1. Checking G304 against (1) under 28 Å from the mean Cα position of the chain (by Cα); (2) assigned by TED's automatic domain parsing to the domain that holds I369; (3) over 30 Å from Y392 (Cα atoms), which test does it fail?
2. Picking from G321, G383, which residue would you name as being modelled with pLDDT under 95, more than 15 Å from A579 (Cα to Cα) and under 22 Å from the mean Cα position of the chain (by Cα)?
3. Filter the range 346-393 for residues that are surrounded by fewer than 21 Cβ atoms within 10 Å (Cβ to Cβ) and free of Cβ contacts under 8 Å to residues at least 40 places away in the same chain and give the result.
4. Does L467 qualify as being touching an Asp or Glu at 6+ places or on another chain (Cβ under 9 Å) and farther than 17 Å from I194 by Cβ?
5. Mind listing whichever residues of the range 483-528 are over 30 Å from D204 (Cβ atoms) and assigned to a helix (DSSP H, G or I)?
6. If we only count helices (runs of 4 or more DSSP H) wholly inside the range 317-419, which ones have 2 or more residues that are in contact with a Leu (Cβ under 7 Å, 6 or more places away or on another chain)?
7. Would you point out the residue of the range 139-170, among those that are buried (at least 17 other Cβ atoms within 10 Å of the Cβ) and under 30 Å from V461 (Cα atoms), that is modelled with the highest pLDDT?
8. Would you please name the residue that is farthest from K177 (Cα to Cα), looking only at residues in the range 445-460 that are surrounded by 13 or more Cβ atoms within 10 Å (Cβ to Cβ) and aliphatic (A, V, I, L, M)?
Amino acid sequence: MKDFLKFTLATIVGIVVSSVLLFFISITVMFSMLYSSDSEVQVRENSILKLDLKGTLSERSQENPFTMLMGNDYEACGLDDMLASIRKAKENENIKGIYIEASNMTSNGYASLKEIRDALADFKESGKFIVAYADTYTQGLYYVSSVADQVMLNPQGMLQWSGLASTPMFYKDLLEKVGIEMQFFKVGTYKSAIEPATSMKMSDANREQVTDYLTSMWSQITADVSASRGLSVEELNKAADRLLLFQPAEESIKCGLADTLIYKNDVRDYLKQKVGIDKEDDLHMLSLHDMLNVKKNVPKDKSGNIVAVYYAHGTIGSMMGGSDEGIEADKVIRDLRKLKEDEDVKAVVLRVNSPGGSAYDSEQIWYAISELKKEKPVIVSMGDYAASGGYYIACNADTIVAEPTTLTGSIGIFGQFPNLEGLSKKIGVSFDVVKTNVYGDFGLPTRSMNEGEKALMQAYVNRGYDLFLTRCAEGRGMSKEAMDQIAQGRVWTGTRAKELGLVDELGGLDKAIEIAIEKAGIDAYTLMSYPAKKSAWEQLKDFNAGSYVKAQLLQGEVGRLYRQIEAIDQLQPEDAIQARMFFEPNIH
């Protein structure tokens with residue numbers, strides 16, 4: 001018995017010690033991977049930049065040490081890194097071209113994809129080639145790839161080109177079945193954020209605005225592809241109506257959307273021909289990460305001038321807990337104050353990619369931007385979304401730049417209070433109340449609001465809309481009456497927003513930076529991004545297992561459905577008044 005206990009104890013101690021050692025070894029390996037990957041990369045002659053388009057496209061890249069350690073297939077690709085790599089490849093004489101492998105990259109919209117496409121078009125002006133290949137092209141990745149000199153498709157592959165559709169989800173009947181009543185108060189004929197909980201189909205106003213912005217987006221997409229492929233818009237629409245996804249691959253060639261049918265195994269030999277090397281020679285391909293570590297042969301700026309690019313992406317609120325995927329009002333305000341006080345910062349480009357959120361927090365950020373604007377130029381660059389609260393924080397900038405396919409506007413607000421009385425009865429729970437004053441139990445989800453409370457809430461929402469309207473009108477130099485005509489919660493594309501005076505210029509982040517430099521009146525400068533990306537150690541320190549599983553794993557697996565679940569999760573009771581775009585546009 002003593003021997004048994006002795007051996008058992010020894011085994012337990014061995015397991016514990018081994019686990020501890022394994023943990024420290026894993027951490028050591030992880031850090032060595034991180035730091036070794038940052039070593040400078042030398043570009044050999046006749047090299048090619050490979051853009052492997054897979055995973056999820058985000059505004060900024062952020063290496064996750066846990067993903068690297070666990071070998072997770074899910075990847076997040078930063079738009080910032082992709083654009084920087086394409087610019088570097090254009091300037092490096094040893095890089096002869098770009099090879100796009102269009103796997104399966106999801107994005108929040110077509111504005112980010114257009115930025116990549118425009119960067120690739122600019123790359124082609126250097127005289128270098130671009131070749132694209134896919135087993136199956138999604139429509140978004142075909143849009144990017146169509147700028148290539150050669151669009152290649154697997155002989156047994158598929159190409160999706162079917163037009164755009166929006167399929168919002170409605171759950172009013174579900175709420176009724178479980179006994180939940182959502183009490184909403186809104187301003188804006190087109191403010192459709194509440195519709196999923198109050199209806200089982202689109203309102204006429206919502207259908208009107210969705211039809212308008214889908215048509216505008218599709219017009220831009222077909223115009224771009226038409227210019228690259230030498231096809232008329234009419235021909236592209238005919239091809240879309242054939243649903244090429246289920247046609248033989250040869251049909252994509254006949255329609256002019258692709259150039260060559262080729263197996264992936266043979267693409268490497270084709271690329272060797274393009275750079276002028278023999279089949280037996282090695283083909284040097286640089287990944288996106290390799291390109292970031294290629295030293296740029298540009299003299300270091302000694303002026304001390306800084307043009308700051310501040311990224312504000314995600315839902316606006318105070319309950320983000322420092323999340324990289326949300327705009328935490330308090331943090332943004334602190335950061336903008338620091339940029340205001342930093343004399344070396346000569347201009348600020350605010351990169352907004354947000355469907356909105358808390359109306360209160362949007363107002364606080366608006367004020368911080370107004371104060372910053374007193375000291376230096378503030379230029380807004382809009383990403384896929386800059387709507388509702390996202391437009392609120394942008395409206396007072398010196399200049400607003402949006403992509404033609406950006407979704408913006410949605411100037412309107414709504415309030416929400418749940419009533420769980422029906423659910424309580426279904427599960428056999430009841431509530432009673434004792435109160436000292438008439439509204440002592442206001443806002444509690446245990447009963448329906450009375451008419452007096454509803455009137456007060458609607459008046460409160462009306463005041464919020466009037467303030468929102470005032471901010472936008474003053475920022476854009478319009479009367480409130482004129483702004484109200486294009487507000488009412490209506491969503492516009494960047495193209496339409498420019499026509500209406502909601503934005504000033506069409507273009508991407510580079511365009512906004514050019515304007516910021518011009519307004520600052522500087523020749524020499526250093527471009528710096530804010531807030532600073534978290535180091536590996538900071539990520540380890542702030543690691544939250546639940547957030548990792550939700551943001552890294554679920555997002556990669558369930559895609560668009562994840563964003564719908566996330567939107568519900570972010571509707572905090574503390575932020576009952578929302579300046580938020582409709583629930584989820586679901587653009588396919």
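1. (1)
2. G321
3. Q364, Y367, A368, S370, E371, K373, K374, E375 - these are the residues of the range 346-393 that are surrounded by fewer than 21 Cβ atoms within 10 Å (Cβ to Cβ) and free of Cβ contacts under 8 Å to residues at least 40 places away in the same chain.
4. yes
5. Taking the range 483-528 first, the residues over 30 Å from D204 (Cβ atoms) are 504-505, 507-528.
L509, D510, K511, A512, I513, E514, I515, A516, I517, E518, K519, A520 - these are the residues of the range 483-528 that are over 30 Å from D204 (Cβ atoms) and assigned to a helix (DSSP H, G or I).
6. 329-341, 359-373
7. Ranking the candidates gives S166 first.
8. L456
The values are calculated or read from the model by the stated rules, or taken from the named source; none is laboratory data. What you are looking at is a predicted structure, and each value in this text was computed from that prediction instead of being measured. Here Cβ is always computed from backbone atoms with ideal geometry, including for glycine, and neighbour counts include all displayed protein chains.
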